[in-house]
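So the structure is just underneath, and the comments pick up after that.
The values are calculated or read from the model by the stated rules, or taken from the named source; none is laboratory data. Here the structure is a predicted model, which is why all the values come from computation and not from measurement. FYI the Cβ positions are ideal-geometry reconstructions off the backbone, even for glycines, and counts take in every protein chain you see.
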Amino acid sequence: MKILLIHNSYQYKGGEETYVESLKLLLEKRGHKVFFYNKKSENIKSIKDKIFIALSLLWNTTTNNELTKIINEFQPDIAHINNVYPLIGPTVYYACKKNGVKIVQTIHNYRFMCPKGLLFRKGNICELCTHLKFPFWAILYGCYHQSYLASFFISLSYLLHKSIFKTFNNIDTYIFPSQFTKQFYQSHLNIPENKSLLLPYFVQSPVLKRIVKKERYCLYVGRLSEEKGIIDLLMRFKNTPNINLKVIGTGPLSKKVAKYKKYKNIEILGFIERKKIVPILQKAQVLIIPSKWYEVLPFAYIEARTQGLPILVPNNNNFQLLAKEDKYIFLDENIDLTKTFFKESNSKKAPILRYTANYHYDLLMSLYKKIGAV
C-alpha cells in the first residue's frame with residue numbers, strides 16, 4: 001500500500017512528532033511505501049514568512065501545486081493527515097480530494113474548534129469558540145501565538161473552511177487517540193460514529209522482563225508549557241525539599257524552568273531521546289502529569305502504563321475516562337507527595353494490548369481498507 005503521510009512539525013518536538021515518526025517507521029517496516037510530506041514551523045524566520053503564512057491559511061497555492069504533483073507521481077492509496085497548521089494549511093484537504101485520494105485525519109488536539117488548539121487560556125480551560133462558526137473570541141484575546149493579527153487570519157480561515165467552503169467535510173474518517181477527545185469532538189462538531197475511530201497511540205518500548213531497582217524520585221516528561229502545569233509542579237517540589245523530581249522536556253518555558261535547577265531536589269534534564277527516557281522511567285517511583293488542559297493522550301502516560309509505573313494525574317474528566325479504562329491509575333491531585341512512593345515494583349506484567357504497535361497497525365489497516373484504500 002502507498003501512504004501519503006502529512007504533517008506540519010511544531011517548533012518544539014512533542015507527542016505529535018513522536019507519533020508521526022513512529023507511524024512512518026511502522027508502516028515502512030510492514031512493507032508499505034510512505035511519502036512523507038512535511039513542513040517545519042522552525043523554518044518560519046522573517047516578517048515576510050509570517051505574512052505569506054497568514055494569507056496561505058485562506059488558500060495555499062504552494063500546498064496545492066506540490067501535493068498535486070506528488071499525488072500524480074506517487075499515486076497514494078490513502079492520505080493520513082496529522083497537523084496542517086500553519087505552513088501546509090487546510091488547502092491540503094482539497095488537494096487530496098480533487099485528486100481522488102481518501103483522507104484519514106488523526107486528532108492530536110482541539111484545533112478544529114479552537115484556533116489555539118488547546119481550549120486553554122490564562123491558566124484555565126476555555127470553550128468560548130467551540131460552537132462558533134467564526135471564533136471571534138480568539139481574535140479579541142489574541143489566542144493564536146499571542147497575536148491579534150495572527151488570530152484574525154486563522155479565525156478567518158476557520159470561517160471560510162469550516163462554515164463556507166465545508167473543507168473539513170472532505171475528511172473520510174477521524175482517528176481519536178482517547179475516548180474523551182472522541183466524545184468531545186462528536187458532541188461539539190457532530191462527527192458521526194461511522195466516521196470516528198478510537199485508536200490510541202502506541203509505543204515501541206521494550207517490555208520490562210525483570211524487576212528494576214527503584215530510585216527515590218518522581219518524574220515529569222513532556223512539553224514545558226503553561227497548559228502542561230509544569231510551573232505549578234515545580235513550585236510544589238520547591239516547597240517539598242525532601243522529595244526529588246526529574247524533569248524531561250523542552251518548550252516555550254524552558255528558560256523559566258531552568259531557574260529551578262538551584263533547588264537540590266529538582267533536576268532539569270532538558271530534551272532526551274525517547275529510547276533513553278525508558279530507563280529513567282523504569283527507575284522512577286511515580287510519573288506525574290500535572291496538565292491543566294484536556295490532554296488527548298500523553299506519550300509519557302502510555303510509556304508508564306506499559307512499564308507498570310504508577311501515575312499521578314489531575315482529577316478531571318479526560319483522565320477519569322482513562323482511569324476507568326486502565327483500572328488502577330491513581331487519581332488525587334491533592335495527594336501528599338511524601339506518600340507517593342510505592343513498594344510494589346513494576347514486575348513482569350504483560351504489555352497493555354491497545355498501546356502496542358501490532359494493535360495499532362491492525363486497526364489502522366482495517367480502517368484504510370474500510371474507506372476504500374487498495
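Annotations for the structure displayed:
- Residue check for A95: part of a strand (DSSP E or B) and either out of contact with any strand residue (DSSP E or B) (no Cβ under 7 Å at 6 or more places or on another chain) or more than 18 Å from I154 (Cα to Cα) (or both): no
- Among the residues listed as K166, K122, K213, the single one being of a type in the set (D, E, K, R) and within 24 Å of N60 (Cα to Cα): K166
- Comparison of Y294, Y217 shows that the only residue that is within 30 Å of Q146 (Cα to Cα) and of a type in the set (S, T, Y) is Y294.
- Single condition Q186 does not satisfy, out of (1) touching a Ser or Thr at 6+ places or on another chain (Cβ under 7 Å); (2) touching a residue at least 12 places away in the same chain (Cβ under 8 Å): (2)
- Here the condition is being touching a residue at least 60 places away in the same chain (Cβ under 8 Å), buried (at least 22 other Cβ atoms within 10 Å of the Cβ) and small (G, A, S); of S155, S151, S178, it holds for S178 alone.
- Selection of helices (runs of 4 or more DSSP H) fully inside the stretch 120-238 by the criterion of at least 3 residues being among the hydroxyl-bearing types (S, T, Y) returns 148-158, 179-189.
- Some residue of the stretch 26-33 being within 24 Å of F152 (Cβ to Cβ), at pLDDT 95 or above and not acidic (D, E): no
- From the options V34, V101, V92, residue that is over 30 Å from G270 (Cα atoms), surrounded by fewer than 19 Cβ atoms within 10 Å (Cβ to Cβ) and β-branched (V, I, T): V34
- Hits in the stretch 101-114 (condition: part of a loop (DSSP other than H, G, I, E, B) and closer than 16 Å to F184 by Cα): I107, H108, N109, Y110, R111, F112, M113, C114
- Scanning the stretch 130-148 for residues that are closer than 30 Å to K98 by Cα, free of Cβ contacts under 8 Å to residues at least 40 places away in the same chain and surrounded by fewer than 20 Cβ atoms within 10 Å (Cβ to Cβ) yields L132, K133, F134.
- Test for I164: is it modelled with pLDDT under 95 and either outside the structural domain of V104 (by TED's automatic domain parsing) or aliphatic (A, V, I, L, M) (or both): yes
- The stretch 219-259, subset within 26 Å of the chain's Cα centre (by Cα) and of a type in the set (S, T, Y), residue surrounded by the most Cβ atoms within 10 Å (Cβ to Cβ): Y220
- So S147, is it modelled with pLDDT of 95 or more and either assigned by TED's automatic domain parsing to the domain that holds V20 or not hydrophobic (A, V, I, L, M, F, W, C) (or both): no
- Residue under evaluation I47, criteria (1) more than 25 Å from F176 (Cα to Cα); (2) at pLDDT 95 or above, criterion not met: (2)
- Among residues of the stretch 50-74 that are under 19 Å from T167 (Cβ atoms) and in the same structural domain as N99 (by TED's automatic domain parsing), those with a Cβ under 6 angstrom from a residue that is hydroxyl-bearing (S, T, Y) and buried (at least 16 other Cβ atoms within 10 Å of the Cβ), sequence gap 6+ or separate chain, pair up as L57/S157; L58/S157; W59/T91; N60/T91; T63/T91; N64/T91.
Conditions tested, residue by residue: (1) in a helix (DSSP H, G or I); (2) without any contact (Cβ under 8 Å) to a residue 60 or more places away in the chain; (3) of a type in the set (F, W, Y).
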site	(1), (2), (3)
K256	yes, yes, no
K259	yes, yes, no
L281	yes, no, no
R305	yes, yes, no
G308	no, no, no
